[in-house]
1. Out of segment B:77-95, which residues are open to solvent by 30 Å² or more (accessible area, probe 1.4 Å) and facing chain A (nearest Cβ under 9 Å)?
2. Just to be sure before I move on: is A:Lys376 modelled with pLDDT of 95 or more, assigned to a strand (DSSP E or B) and more than 10 Å from every other protein chain (Cβ to nearest Cβ) in the structure I sent?
3. Applying the selection to segment A:263-284, what residues are surrounded by fewer than 21 Cβ atoms within 10 Å (Cβ to Cβ) and polar (S, T, N, Q)?
4. Being within 16 Å of ligand 2 (Cβ to nearest atom), free of Cβ contacts under 8 Å to residues at least 60 places away in the same chain and touching a helix residue (DSSP H, G or I) at 6+ places or on another chain (Cβ under 8 Å) narrows it down to one residue among B:Gly189, B:Gly177; which is it?
5. Has segment B:109-122 got at least one residue that is within 14 Å of chain A (Cβ to nearest Cβ), touching a residue at least 40 places away in the same chain (Cβ under 8 Å) and more than 25 Å from B:Asp175 (Cα to Cα)?
6. Do we have any residue at all in segment B:167-177 that's among the basic types (Lys, Arg) and within 16 Å of ligand 1 (Cβ to nearest atom)?
7. Determine whether B:Arg12 is over 13 Å from the mean Cα position of the chain (by Cα) and under 30 Å from B:Ala121 (Cα atoms).
8. Take B:Pro89 and tell me if it is within 16 Å of ligand 1 (Cβ to nearest atom) and over 20 Å from B:His219 (Cβ atoms).
Amino acid sequence: MSHPHALASLEASFVDAFEAHAGLLAKNGTGPAEALSFAAAPALRRQALNRFRDLGVPSRKNEAWKYTNIPEALAAGFAVSPADPPSDALPARWRDCLLPNLDAHLVVLVNGRFSSAHSMIGDLPEGVAICGLETAATVRPDILRRHLGRYADWETESLTALNTAFARDGLFVYVPKGTVLEKPIYALHLPAANERLFLQPRHLLVFEENAQARIVERCCGLDGEATFTNAVTEIFVGERAVVETYLVQDPGDEHSVVSTTHAYQEAASTFSTATITLDGKVVRNNLNVLPNAPHCETHLYGLFLPAGDTQVDNRTLVDHAKPDCVSNELYKGVLNDRASGVFNGKVFVRQDAQRINAFQENKTIVLNNEATMNAKPELEIYADDVKCSHGATTGQLDPEALFYLRSRGMSKRQAQGLLLHAFAGDILERISIEPLREMLDERVTRLFGE
Amino acid sequence: MALLEINNLHARIEEQNILKGVDLTVGAGEVHAIMGPNGSGKSTFAAVLAGREEFEVTDGDVLYEGNDLLDMEPDERALEGVFLAFQYPVELPGVSMNNFLRQALNQQREHRGEEPLPAGAFLKRMRECAALVSLDPQLMSRSVNDGFSGGEKKRNEIFQLAMLEPRLAILDETDSGLDIDALRIVADGVNALRRSDRSFVVITHYQRLLNYIVPDVVHVMADGRIVRSGDKSLALELEEKGYDWIREEAVAA
Ligand SMILES: Nc1ncnc2c1ncn2[C@@H]1O[C@H](COP(=O)(O)OP(=O)(O)O)[C@@H](O)[C@H]1O
Ligand SMILES: [Mg+2]
């Protein structure tokens with residue numbers, strides 16, 4: 001699929017789909033894109049589309065996409081549409097995607113559309129809004145106008161431009177100044193189509209100053225036809241806000257996902273996020289954080305456990321634009337079968353960003369000769385008074401440790417399971433939502449243990 | 001029938017021959033000491049008995065309770081009652097002592113057709129065995145050997161021995177790096193674990209451990225072979241004359 005004609009026709013198919021649905025997308029200025037603040041509304045989608053057309057579908061010639069072949073992942077063909085209204089019928093097993101004992105505000109997105117039939121938001125503190133992005137365009141156009149499209153970079157990222165051109169629905173969360181959301185939000189993104197769909201949810205999460213919240217977003221597979229999800233998430237973390245997000249990906253091995261997140265931090269805020277990939281066909285996560293004021297704290301955690309032919313590509317950027325911030329990044333992976341993993345983590349410290357402490361580490365265990373890992377940690381520092389470190393290691397389970405356990409009577413599998421558990425434990429122990437931690441703990445055990 | 005019967009054992013790693021024909025017979029309840037200079041193959045010998053796969057056995061055979069030991073996986077050997085106290089115990093960050101021991105012990109119990117030990121009984125057992133070698137019970141909630149002092153690591157090996165109740169315990173330089181007080185604690189622990197149906201192979205570089213753990217037989221290993229065997233007085237003789245004496249004999253032989 002790297003053939004230029006094939007690429008061109010792929011791009012043309014998106015443009016054609018756009019034209020075919022132009023009327024629906026315009027919809028008299030009530031859609032989310034029409035609430036974007038920085039451009040004349042009706043023209044914006046077309047601008048974004050044109051930008052996509054200029055940038056093209058990312059190919060492997062582009063250094064940033066060297067290991068993840070998007071044209072190939074798209075080759076099978078996916079129907080591009082702005083998504084029909086969500087169907088109320090879901091296979092009963094969607095409930096398997098819930099977490100037992102989790103008391104949360106439940107948001108269900110089916111094929112990228114907010115499903116009021118399945119969501120259970122429950123009572124919310126004064127002023128808090130949790131709904132679909134499309135609804136938000138009507139109920140909180142002010143928030144959309146202030147934040148939507150402010151952080152995600154559709155000017156240079158082709159898939160973000162594509163998402164912006166088609167954006168219609170997704171998760172919307174707004175937590176006003178000084179409000180603490182006690183219960184976590186559990187947002188399920190369920191690809192459940194009976195045709196091959198190209199899905200483009202657009203999420204906006206806004207936490208004003210001193211707000212506190214925890215959000216779990218999970219892309220959970222229900223079999224069905226293969227899908228390709230191109231999701232874009234924008235997160236605003238206001239002054240002294242404390243925000244914890246989790247992205248859990250287990251869409252199933254027929255489903256591909258590109259998830260692009262842009263988080264923007266104001267002064268003295270804390271943003272912690274964990275990206276956990278359990279399966280999928282091709283999974284690419286672009287995580288960008290901009291602590292754009294002093295005294296910010298940023299924690300990026302990752303755990304990827306692919307098996308089979310799953311490809312997981314994590315690309316992160318922490319852009320330290322302002323002084324006196326701390327960032328800490330730890331990504332751990334275990335690759336089995338023919339799985340492949342990529343970690344490309346960049347920490348950027350701008351010239352005026354003095355007294356930055358930035359740590360980054362990636363550790364991967366490769367269980368099988370056929371599994372491959374590419375790790376590229378990058379530090380780019382233009383300030384002189386900084387403390388930064390980075391490192392990446394890829395290896396096998398320590399044979400000495402395995403032998404020690406087996407010499408005490410444990411089977412090879414049991415010993416492997418115990419060591420992998422210990423390895424993943426560094427990430428698992430940082431998960432503050434107990435039912436989520438338990439589910440993942442169980443997944444780690446089930447994947448490699450007894 | 002002897003518990004352990006080793007004939008003409010040869011083993012190598014990469015292209016290097018390390019064991020060059022070891023013969024050894026250990027009866028039930030006996031304590032055998034193996035002494036010898038550094039690099040003579042003592043740890044290799046212990047590792048081959050425990051099933052370390054990096055070493056390739058090129059000749060000879062090992063019968064354990066009449067069965068071919070070399071044919072068993074390391075965990076099978078452990079389940080059949082072979083225990084190795086490591087010269088360099090491995091650190092396992094993130095694996096708690098508690099979980100490690102529970103899994104190991106329950107594997108052994110399952111193998112014997114017993115139910116897993118209930119939590120209360122397990123804790124009680126753990127406390128008793130820890131007391132045997134004065135191991136701080138606080139260590140049970142820590143990761144295995146992670147950040148343990150040298151002495152704690154060695155005592156942890158004997159503690160595990162006490163928990164798992166093997167029939168053949170191989171102690172690889174459990175005494176090295178211990179001060180005299182710690183040495184006594186370890187030796188007292190081992191002595192308390194001596195039984196008529198439990199044999200010990202005690203590998204040591206120095207004679208002093210054998211003042212406390214009194215062996216039935218002393219063997220001297222040099223250049224991958226047992227070059228001399230005798231009673232406990234052989235250890236004293238070695239202490240006096242040094243290993244050069246043996247080495248010269250080995251070369252002359
Ligand atoms: N993993 C290994 N790789 C290569 N050589 C080894 C290895 N382990 C041991 N040896 C060699 O085998 C010989 C015996 O070592 P070892 O069994 O540790 O002796 P001892 O315990 O008596 O000091 C030494 O020459 C040592 O260098
Ligand atoms: Mg040794």
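The values are calculated or read from the model by the stated rules, or taken from the named source; none is laboratory data. These numbers come from a predicted model, not from an experiment. Quick reminder, even Gly has a Cβ in these numbers, built from the backbone with ideal geometry, and neighbours come from all protein chains shown. When the accessible area is computed, the model is the full protein with side chains, heavy atoms only, and any ligands, DNA or RNA have been set aside. Shrake-Rupley method; radii C 1.70, N 1.55, O 1.52, S 1.80 Å.
1. B:Leu79, B:Tyr88, B:Glu91, B:Pro93, B:Gly94, listed by residue number.
2. No, not satisfied.
3. Hits for segment A:263-284 are A:Thr270, A:Ser272.
4. From the options B:Gly189, B:Gly177, the qualifying one is B:Gly177.
5. No, segment B:109-122 has no match at all.
6. Scanning segment B:167-177, I find no residue that is among the basic types (Lys, Arg) and within 16 Å of ligand 1 (Cβ to nearest atom), so the answer is no.
7. So B:Arg12 does not fit the description; no.
8. yes
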